[in-house]
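The values are calculated or read from the model by the stated rules, or taken from the named source; none is laboratory data. Computed from a predicted model, the values in this text were never measured in an experiment. Note: ideal-geometry Cβ built from the backbone for every residue, glycine included; neighbour counts use all protein chains shown.
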Amino acid sequence: MKRVWSGSTLHDTAHLQNLLEQAGIGSFIKHRELASAMGDLPFLECSPELWVLRDEQSVRATAVIGEALRPDTGAPAARWQCAECREDNEAQFAVCWNCGHRDPATPE
Ligand SMILES: [Zn+2]
């Protein structure tokens, strides 16, 4: 097993796990419970982490995650609605958590 992502919120981490699942990559979230107990614990010890079950899929998983995150352009980004399935997506994501559709407004 290999860690491919460490997020600041469980929400973000769950979004990425969903995308990995769509790509056929098995993964699990570590510190899922601790993240919800945040406040009593030091931040770094309870950030949710995304791990792939099979090491050989970690490179592909990292690519999927890199693709999904909106490049930091310095401009404030807004939440956006998927044109495909109408789900709301957080600003930092360039790919819909629900269907994998890419936000057309995202710079390459
Ligand atoms: Zn969608």
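Tabulated data for the structure shown
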quantity	calculated
Single condition Thr13 does not satisfy, out of (1) in a loop (DSSP other than H, G, I, E, B); (2) at pLDDT below 95	(1)
Within the range 88-103, tally of residues that are more than 9 Å from the ligand (Cβ to nearest atom), farther than 19 Å from Asp72 by Cβ and in a loop (DSSP other than H, G, I, E, B)	0
The listed residue being at pLDDT below 95, away from the ligand (no atom under 16 Å from the Cβ) and outside any loop (DSSP other than H, G, I, E, B), out of Leu44, Leu50	Leu44
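Here is a yes/no grid of residues against (1) in contact with a strand residue (DSSP E or B) (Cβ under 8 Å, 6 or more places away or on another chain); (2) within 9 Å of the ligand (Cβ to nearest atom); (3) assigned to a loop (DSSP other than H, G, I, E, B); (4) among the aliphatic types (A, V, I, L, M):
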position	(1), (2), (3), (4)
Ile65	yes, no, no, yes
Asp72	no, no, yes, no
Ala77	no, no, yes, yes
Ala83	no, yes, yes, yes
Arg86	no, yes, yes, no
